[in-house]
Each structure stands twice: as C-alpha cells, then as structure tokens.
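Step one of this worksheet: look at the structure below.
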Amino acid sequence: MESKKIAIAGAGPAGGFSAYLLAKSGMDVHVFEEHGTIGEPVACTGVITGDVLSQRLQLPRELIVNRIAKARIIAPNKEFVEVRLKNDIIIDRAGFDRHITGVAQDAGAKYFTNHRFESFEYANSGSGGKSGKKIMVDVKDKIKNEIRKIETDYLIGADGPISAVAKSAGLFGNRQFYVGLQVTMPVENDNVIDFYPSEEGIAWVVPENEKVARVGIAAKKEANQYFRWFLTAVAGKDYEKKIIGRQAGPIPLYDPGLKSKTKDGRVLLVGDAATMVKAPTLGGINQSLIGAEAAAEAITKNTDYEKLWKKRMGMDLYLSLLMRKAMERFSNEDYNRLVETFAKEKNRTVLESYDRDQPSRFALKLLMREPKLLLFAKKAWF
C-alpha cells in the first residue's frame, strides 16, 4: 500500500484516533495541536460507555474516574425515572486525550504542540481535480511566531466545533451551537447520574465519587443565567466558593439541513469539527472514534468518506436530531409527561436494553409499545 502524508489539525479523540489508525497503516502522519498541553483546556463531561472503548482502545485503569450503574431523568416537577446503565464510565478527559496521543506516537505519528492551523490551498500539481492534488497547509508555530508550510496528501480537520479547517474549506455551513458550561465541585451523591431536561435546556450532575461531581448545563440561550440558577439549586448561593474546576465550550448541533459538509476533495472533517454529536445528550466521544475509523478507512482504501461514516452512524445521528428538535419544542409540562411515560416498566425496559447512541435500534420498538410517544414525536416536525 502506498504511504501517504497526512496532516491532522487537533489532538483530541477524533484527531488522535485518526492519527493512530493511519500511522498503524503505514501513513506518514503529522498532528498539529494549537495548545501547549494536549487535553487542555477540557470542554467535555467525560461520560462514555465502557463497551465502546473496549472495542477500540484499552484504557488504563488510572484514567477511569468512576463507574456508573444508573441514571435518573428528573422532570421539572421533580418526578423521575431511574434507568440502569450497561457499563458507563467517567473518564479523566485530559488523560484520555494524552493516552490516545501516546498510542498514536507509538504507532509512528508525529505531534507538534503550540502549532495552530491557519489555512490551506490545493497545489497546482496533480490531476483529477481536488481529489488528485497535493495540499499546502499553513501552520503557525506559536512559540517562534512564524508560519510553517506543510505539503500533504490529506488534511483532517479534528479541530473542534469552531473548526478553522471547516471554515477554510468552505464546509462550515450554517451550523448551530449549544453553550456548554460545567464545574467540578463537592456534591454529596449516591453514584447515580442525574439529568434534568427542561425548557431552559439540559442540566446534569455526574459523580466522580461519592463527594465530588461534575455539574453542568447545555443551553441555546441565556446559558449563564440558567447555569447560575442550577448551581444555586445544587450547591447553594455560595457555590462559587466550592468550585474546584471549570470547563466551558460550544457544542455543535448535528443537522444535515444546515449545509455543513464533512469532505472537500482530500480535506476531511472528523468529530466535533464535523458536528458528529448525538443531539439528545450532546455528547460525542463515541461518534468521534467512529468518524476517525471512517476517515482512516477512506484514506487507506481510497473509498468515499461520507458514505462510510453515514453508513455507520448517519441514521442514528439523524434520529437523535429529530429527538432534539422535539425536545426544543417541549414545555416543562411535556417533560413531566414524558418522564411519567418512561417510568412505565415496559418503556423503561427498552431504554435499558439498548445503546443510547443507537436510537435506530430502539425508537420503533418504543413507539410500538407506547403509541402516546407519537404525540411527542410530532414536535420534531410541527
């Protein structure tokens, strides 16, 4: 197999796993990370299904902060449904990124921190349009304050929600975002994840241990006000004094109708840069790893990248989008009724039996068991 040169912008899970798979396949991989320390700043809650990792990466025990067996979905009226989880783990998010970096480096990938992607252009040489041309990438060395010009066969944008690669390639589209805000603080808990869906957005308390939790919200509007209100409800008016750490960042909403694409010639977007985020809970680690697998296969086997990733998760992302669109139209009373509906054993059992990242496997079954859910589903379109 012909070795190709790959430039990757971003050293998060999407960029790191892409780098690992491509380097393992014999490609000449260079990863450029804007920040000086890989994994920082953290902008993620770090909840992932352990089964997902076991299929792709062996995670060292020291990076597993906690294991969670149950989650509660709490309605605005304080009623709740408790759902068993299969194998959810809370990870050291920064350590996770650094672990993938180490695995990729062991496979032969080269990393450059404090290097920010600036722009690119297709070289004049080559044939077959963009798909046959070399790419010239401008990367800024932030320490030396100078631009490096990198010639590469492929460019992978794994540089987050506000992807500079996506913008430079004309792939950014009209994407929309939620604002994610989170703190780590002392919170007494029973080792159950609490989710609070409401008109304002979604809030959560994710335990690191029985005395400390990650407390956060995601909202489209008035996020700071909602965040302050939720922190006060969880930790009291003096919550500021209790904060151990802070995380914040935009969360992209996957929506193929917003004209954002994931490929232009030999430029591929992966993970948050491609808006590969499950819309109901706004998480995307699993989707980043799947996207990285598709990117690596597309490059090594010269196949269509968009067809690959859409085959593996396109339907699930689309169904998740419909769920999120419906949720955005819910009133608090709708959420009260929804939680009451899921509290029925026949419906709760379906939720417990399937991977929440794959609604294509359980959505129809839920609708058949509980026709009342069609009333909520209609809000996705009307």
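Each reported figure results from applying straightforward, stated rules to the coordinates on display, with no laboratory input. Here the structure is a predicted model, which means the values were calculated and not measured. Don't worry about glycine lacking a Cβ; one is built from the backbone with ideal geometry, like all the others, and counts go over all protein chains shown.
Among the listed pairs Lys4/Lys263; Lys5/Lys261; Lys263/Lys311; Lys24/Lys110; Lys86/Lys278, those with a Cα-Cα distance over 20 Å are Lys5/Lys261. Here the range 230-327 is treated with +1 on each Lys and Arg Cβ and -1 on each Asp and Glu Cβ, and its dipole about the Cα centre works out to around 120 debye.
A Förster radius of 35 Å, combined with the Cβ-Cβ distance separating Glu40 from Ala123, puts the computed FRET efficiency at roughly 0.55. Put in order of Cβ neighbour count within 10 Å, fewest first, the listed residues Met323, Met315 become Met315, Met323. Enter the angle in degrees (range 0 to 90, nearest 10) between the Cα long axis of helix 332-342 and the first principal axis of the Cα atoms of the chain, meaning the one along which they spread out most. Orientation of helix 332-342: about 90 degrees from the principal axis.
Of the DSSP beta bridges with both residues in the chain, give the percent that are antiparallel, rounding to the nearest 5. Bridges in the chain are about 75 percent antiparallel. Compared with the dominant Cα axis of the chain, that is its longest principal axis, helix 285-301 is turned about 30°. Each of Gln247, Val234, Pro186 was placed along the dipole of the range 177-252 (beta-carbon charges, centred on the mean Cα), and the one lying farthest toward the positive end is Gln247. Projecting the Cα atoms of Thr113, Thr37, Thr152 onto the charge dipole of the chain, computed from C-beta unit charges around the Cα centre, puts Thr152 farthest toward the positive end.
Note: the range 1-103, Cα convex hull, 130 Å³ per residue. Computed from Cα atoms, the angle from the helix 93-106 axis to the main principal axis of the chain rounds to 30 degrees. Note that the chain shows a convex hull volume over its alpha carbon atoms of 140 Å³ per residue. The protection proxy used here, the mean number of other Cβ atoms lying within 10 Å of each residue, ranks peptides 197-203, 299-305, 60-66, 13-19 as follows, highest first: 13-19, 197-203, 299-305, 60-66.
Here's how it looks for Val65: its modeled amide H is under 5 Å from those of Ile90, Ile91, Asp92, which are all 5 or more places away or on a different chain. Going from the residue with the fewest nearby Cβ atoms within 10 Å to the one with the most, Ile89, Ile244 rank Ile244, Ile89. Taking all Cα-Cα distances within the range 177-252, those exceeding 22 Å account for 16%.
Summary value for the chain: 18 percent relative contact order, contacts being C-alpha pairs under 8 angstrom separated by 6+ residues. Ordered by the number of other Cβ atoms lying within 10 Å of each residue's own Cβ, fewest first, Ile285, Ile143, Ile73 fall into the sequence Ile143, Ile73, Ile285.
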